[in-house]
1. Could you list all residues from the stretch 38-54 that are surrounded by fewer than 16 Cβ atoms within 10 Å (Cβ to Cβ), over 26 Å from the mean Cα position of the chain (by Cα) and in contact (Cβ under 8 Å) with a residue 24 or more places away in the chain?
2. So, of the residues in the stretch 38-68 that are outside any strand (DSSP E or B) and not small (Gly, Ala, Ser), which turns out to be nearest to residue 387 (Cα to Cα)?
3. Quick test for you: out of 127, 114, 148, 119, pick the one residue that is modelled with pLDDT of 95 or more, of a type outside the set (Asp, Glu), surrounded by 24 or more Cβ atoms within 10 Å (Cβ to Cβ) and closer than 18 Å to residue 102 by Cα.
4. Which of the residues that make up the stretch 181-200 are among the hydroxyl-bearing types (Ser, Thr, Tyr) and within 25 Å of residue 87 (Cβ to Cβ)?
5. On the basis of being modelled with pLDDT of 95 or more and surrounded by 23 or more Cβ atoms within 10 Å (Cβ to Cβ), does residue 159 make the cut?
6. Counting only residues that are out of contact with any helix residue (DSSP H, G or I) (no Cβ under 8 Å at 6 or more places or on another chain) and modelled with pLDDT under 95, how many does the stretch 169-202 have?
7. State all residues of the stretch 210-237 that are assigned to a helix (DSSP H, G or I) and over 16 Å from residue 197 (Cα atoms); if no residue qualifies, say none.
8. Can you find a residue in the stretch 387-405 that is among the β-branched types (Val, Ile, Thr) and assigned by TED's automatic domain parsing to the domain that holds residue 266?
Amino acid sequence: MARRTLMALLAATSVAVLAAAQPPAQISAIRLGLLVDGRGHSIRDAVVVLDGDRITRVGHGNGAVPKGATVLDLRKYSGIPGLIDLHTHITYYWDPDSGTLPLRQPAREPNVTAELAFANAKRTLEAGVTTIRDLGASRGIDYLMRDAVNAGNKIGPRMFVAGAGIQGARVTATGPAAGPGTDAMRQQAEARVKAGSDWVKLYASTGSFQNVTTTQTLTYEEMKAAVDAAHALGKPVAIHSYGASGVKDAVRAGADSVEHGIDIDDETFADMAKRGTVWVPTIDHNRYYIDARGEYGWTDDVVGPLHDYIDKNFEATKRAVKAHVKIGMGSDAVYSMFGQNTRELAWMVKAGMTPAQAIATATTVPAALLGHANDLGAVAPGYFADIVAIEGDPNSDIDAVINKVRVVIKGGVVVADKR
């Protein structure tokens, strides 16, 4: 009865009155035992001076602390820039105590889902992720969440959103049916931008959840029509492709980032490196599906194909590292995966990156992709005061970044404290 009453109350809530979460007073200086600033510097006994939500100065030692400053003393910890997850589906909310399965939940009004999904936002912040790019949500729920955070009505990561992804051809037992065509792709891309999307997302192949098929569902020409239309309106494009041919055509079509992919050939990786295309391999999300298969009600026969895809995805990532492709951290988090957003970093190190290079996949690389190279992804004057305090040395131990987050600061405000 109590649960039904709560849901009825939420259903009556409009986006205009999404419950405001009042942050604590802002701090004006942060002290850290070690600061790894995202620009290649490691500063002992660091002092980060803030003015509101921005950093004004980075120094070290007692002399760097301004007189009268409100100081947050985190000298027991190391600091890194707030992390960026380039691939989430934050509106995919599920209550494990609801008696439902994630993919078989009853319909809710968009504003109700937006309210509930801030539980995903909370777990994301607690993982040290202060910015996300959300790549696919229905009925404008991601717009509601983004706008509530931007207005200061809700606490959550900074959000760049794509609205509903643009689908390719329907796949039948005999193969893909006729695709949408270039005119429709152009029109749909323009519609997404008009609706308020920061990014345009295209689905250029099959593959999702336990399905790891790779059938290409958009032609090169269809992808290029959408990319050109979005770029003409000043918006970037992310293209989903589980298979190699779709990745190749996505790169050729001018995608700003490509999501997923296996069996990618050396020519395509060379083209990505030349163009500066960011690849977001999302290795760990299939690991999550294996671990969480019971929650989804899947039988154990999904495990073999998922493992095969992980192996091929990981092998491609190792070759991409050697080919100097720009790689971004993307969790592809849905439902109960939020809070595990940064486990992708362990795969990056296994693929041949140093811990510092792995951290760059979640800081400087995504910041540049998002068009925020000058205010996100580093701890430096003029940047947003997004700082994560961890227990350990991020220069040598990526596990400290993944599993030992203690304090998370977004825009100069403590948004998670696990001390």
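1. Of everything in the stretch 38-54, just one residue is surrounded by fewer than 16 Cβ atoms within 10 Å (Cβ to Cβ), over 26 Å from the mean Cα position of the chain (by Cα) and in contact (Cβ under 8 Å) with a residue 24 or more places away in the chain, namely 45.
2. Kept after step one, since they are outside any strand (DSSP E or B), are these residues of the stretch 38-68: 38-41, 52-53, 61-68.
With the extra rule that they be not small (Gly, Ala, Ser), the set shrinks to 39, 41, 53, 62, 65-67.
Values: 39: 14, 41: 15, 53: 11, 62: 20, 65: 17, 66: 19, 67: 22 Å.
In this case the residue turns out to be 53.
3. Numbers: 127 fails: closer than 18 Å to residue 102 by Cα; 148 fails: closer than 18 Å to residue 102 by Cα; 119 fails: surrounded by 24 or more Cβ atoms within 10 Å (Cβ to Cβ).
114 is the lone residue from the list that is modelled with pLDDT of 95 or more, of a type outside the set (Asp, Glu), surrounded by 24 or more Cβ atoms within 10 Å (Cβ to Cβ) and closer than 18 Å to residue 102 by Cα.
4. Our first condition is that a residue be among the hydroxyl-bearing types (Ser, Thr, Tyr); within the stretch 181-200, this holds for 182, 197.
The one that is among the hydroxyl-bearing types (Ser, Thr, Tyr) and within 25 Å of residue 87 (Cβ to Cβ): 197.
5. Values: modelled with pLDDT of 95 or more: yes; surrounded by 23 or more Cβ atoms within 10 Å (Cβ to Cβ): no.
Judged against the criteria, residue 159 is not a match.
6. Matching residues across the stretch 169-202 total 10.
7. So in the stretch 210-237, the residues assigned to a helix (DSSP H, G or I) come out as 220-232.
The answer is 220, 221, 222, 223, 224, 225.
8. The first filter runs over the stretch 387-405 and keeps only residues among the β-branched types (Val, Ile, Thr), leaving 387-388, 390, 398, 401-402, 405.
After this cut, where a residue has to be assigned by TED's automatic domain parsing to the domain that holds residue 266 as well, the list is none.
No, every residue in the stretch 387-405 fails to be among the β-branched types (Val, Ile, Thr) and assigned by TED's automatic domain parsing to the domain that holds residue 266.
The values are calculated or read from the model by the stated rules, or taken from the named source; none is laboratory data. What you see is a predicted model, and the numbers here were worked out from it, not measured in a lab. Cβ atoms come from the backbone with ideal geometry, glycine included; neighbour counts cover every protein chain shown.
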